[in-house]
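Here the structure is laid out as structure tokens; the discussion comes afterwards.
The values are calculated or read from the model by the stated rules, or taken from the named source; none is laboratory data. Since the model is a prediction, treat every value here as computed from it, not as a measurement. Note that each Cβ is placed from the backbone with ideal geometry, even for glycine, and that neighbours are counted across all protein chains shown. Quick note on the areas: whole protein, heavy atoms, side chains included, nothing else; ligands and nucleic acids left out. Shrake-Rupley method; radii C 1.70, N 1.55, O 1.52, S 1.80 Å.
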Amino acid sequence: MIKTGLAGLALAALMSTAAQAQIAGGTLKIGVLDDQSGVYADIGGKWSVEAAKMAVEDFGGKILGAPIEVLSADHQNKPDLASTIARQWYDVDHVSMITELTNSAVALAVQSLSREKHKITITTGAATTDLTGKACEPYGFHWAYDTHALAAGTGGYMTKQGGNTWFFLTADYAFGASLQHDTTAAVEAAGGKVLGAVRHPLNTADFSSFLLQAQSSGAKVIGLANAGLDTNNAIKQAAEFGIVAGGQKLAGMLYTTAEVHGLGLKAAQGSITTEGYYWDLDDKSREFGNRFMKRTGRMPNMIHAGTYSAVAQYLKAVQAAGSDDADAVAKKLHEMPVDDFFAKGGKVLPNGRMIHDMYLFEIKKPSESKGEWDLYKLLATVPAAEAYFTFEDSGCKPTN
């Protein structure tokens, strides 16, 4: 009996070892690489790390007999630092997938490295359409939103509502350029005209000169092609110049519940924004939102919710593939539908873009809000087919 028991234990150990052999290093490691101390720390940051951990915990903490571990790091909005961290994760720590990647320049750098290293990236925090366009990669996926989706919602809607002349305040790097470009296309398609634009450095404290140029342009809409603290600072300083009081409207092109809550409804009220998720949209959204709130003390935005969705779908793909091999997992990610609280009927296109419905919201007046996080009222749903480029239009030509 002792021999039989020992044989059984040996067989169990052998089976466990064989299962873990399908996972590089014996532990499936997922890296959350984002801005945790700078201008984008609130819209992603440590909150996205918590969202990833929630997805792992909900999956059971193990896959194919191997434990799952979430690593995180702050890239400080520096592409070279992000690439150094990613290379360490891939070469030394055996990380199989990197996600979040707030900051488009960072995301482009890491996605390029991931192709070289034969690893998966699922971007949820960066916005540029180049990720699934001219810079697309066979192992690169873009999950939560992109600049075309934001432009199709906010840009098209505001132009059709009479805001037919625009001036842009644009963050001076890949994200801002992409967002301005896509919003310009949406404005012009709706019959509007762009009167001008000015670019500002990332993490700008003083917007006065930029706002004065926008004000003097006479444009009906000032498009803020930036995000995070840059957007909040621009809105605060616009109020000091009396821009909205003077009749011009502000359009936060990437403006999430994180920034709105931080700024407050008094300053943000009446603005139009587009998100891919809102915690009070339906029962499933509320269920995730309330769990996230209990864990973090705040409601999630589309980047946090999108990170949960991306990690959960990645784990399902690894399970279905039977290993964390990038080719096998990428194939499953392309094949499997996405149907969760974040994306209902989502679909991954051949270029790696996960398309799903987006939502156009108006930020409530203080008198309309019933609670601290009661921030939005839904204006319209932007169907996935309208929100995103078709694969043929994206310019993607991935090669293995």
Some residue of the range 377-396 being surrounded by 14 or more Cβ atoms within 10 Å (Cβ to Cβ), under 28 Å from residue 297 (Cβ atoms) and among the aromatic types (Phe, Trp, Tyr) | no
Quick one: would you say residue 389 is touching a Lys or Arg at 6+ places or on another chain (Cβ under 7 Å), part of a loop (DSSP other than H, G, I, E, B) and farther than 25 Å from residue 250 by Cα?
-> no
Kindly check whether there is at least one residue in the range 54-67 that is within 25 Å of residue 302 (Cβ to Cβ), surrounded by fewer than 17 Cβ atoms within 10 Å (Cβ to Cβ) and at pLDDT 95 or above.
-> yes
Conditions (1) more than 11 Å from residue 307 (Cβ to Cβ); (2) touching a strand residue (DSSP E or B) at 6+ places or on another chain (Cβ under 6 Å); number of the one not met by residue 49 | (1)
Which members of the range 293-307 meet the condition of being within 16 Å of residue 280 (Cα to Cα) and either aliphatic (A, V, I, L, M) or touching a residue at least 60 places away in the same chain (Cβ under 8 Å) (or both)?
-> 293, 298, 299, 300, 301, 302, 303, 304, 305, 306
How many residues, within the range 75-89, are more than 18 Å from the chain's Cα centre (by Cα) and either on the phi > 0 side of the Ramachandran plot or open to solvent by less than 10 Å² (accessible area, probe 1.4 Å) (or both)?
-> 1
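In the range 48-79, what residues are assigned to a strand (DSSP E or B) and without any contact (Cβ under 8 Å) to a residue 40 or more places away in the chain?
Here is the first cut: in the range 48-79, the ones assigned to a strand (DSSP E or B) are 62-63, 66-74.
Scanning the range 48-79 gives a single hit, 62.
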What number of residues within the range 302-347 satisfy the criterion of being open to solvent by less than 10 Å² (accessible area, probe 1.4 Å), touching a strand residue (DSSP E or B) at 6+ places or on another chain (Cβ under 8 Å) and under 22 Å from residue 386 (Cβ atoms)?
-> 6
Counting only residues that are at pLDDT below 95 and touching a Ser or Thr at 6+ places or on another chain (Cβ under 7 Å), which one in the range 268-322 is nearest to residue 257 (Cα to Cα)?
-> 273
Restrict the check to the range 102-113 and report whether at least one residue is crowded, with 24+ Cβ neighbours inside 10 Å, in contact with a helix residue (DSSP H, G or I) (Cβ under 8 Å, 6 or more places away or on another chain) and outside any helix (DSSP H, G or I).
-> yes
Condition test on residue 146, is it surrounded by 24 or more Cβ atoms within 10 Å (Cβ to Cβ) and either modelled with pLDDT of 95 or more or over 30 Å from residue 218 (Cα atoms) (or both)?
-> yes
Heads up, the strands (runs of 3 or more DSSP E) in the range 171-265 (entirely inside) with at least 3 residues that are of a type outside the set (Asp, Glu), modelled with pLDDT of 95 or more and surrounded by fewer than 23 Cβ atoms within 10 Å (Cβ to Cβ) are 193-200
Could we say that residue 259 is among the acidic types (Asp, Glu) and under 25 Å from residue 181 (Cβ atoms) here?
-> yes
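Taking the range 320-343 only, how many residues are closer than 15 Å to residue 145 by Cβ and not aliphatic (A, V, I, L, M)?
Of the residues in that region, 1 qualify.
Is there a residue being touching a residue at least 24 places away in the same chain (Cβ under 8 Å) and within 30 Å of residue 26 (Cα to Cα) anywhere in the range 127-136?
First, pick out the residues of the range 127-136 that are touching a residue at least 24 places away in the same chain (Cβ under 8 Å): 127-136.
Next cut, within 30 Å of residue 26 (Cα to Cα) only: 136.
Yes: one or more hits.
Anything in the range 361-373 that is within 23 Å of residue 287 (Cβ to Cβ) and either open to solvent by less than 30 Å² (accessible area, probe 1.4 Å) or in contact (Cβ under 8 Å) with a residue 60 or more places away in the chain (or both)? List them, or say none.
Step one: filter the range 361-373 for residues within 23 Å of residue 287 (Cβ to Cβ), giving 361, 364, 369-373.
Across the range 361-373, the qualifying residues are 361, 364, 369, 372, 373.
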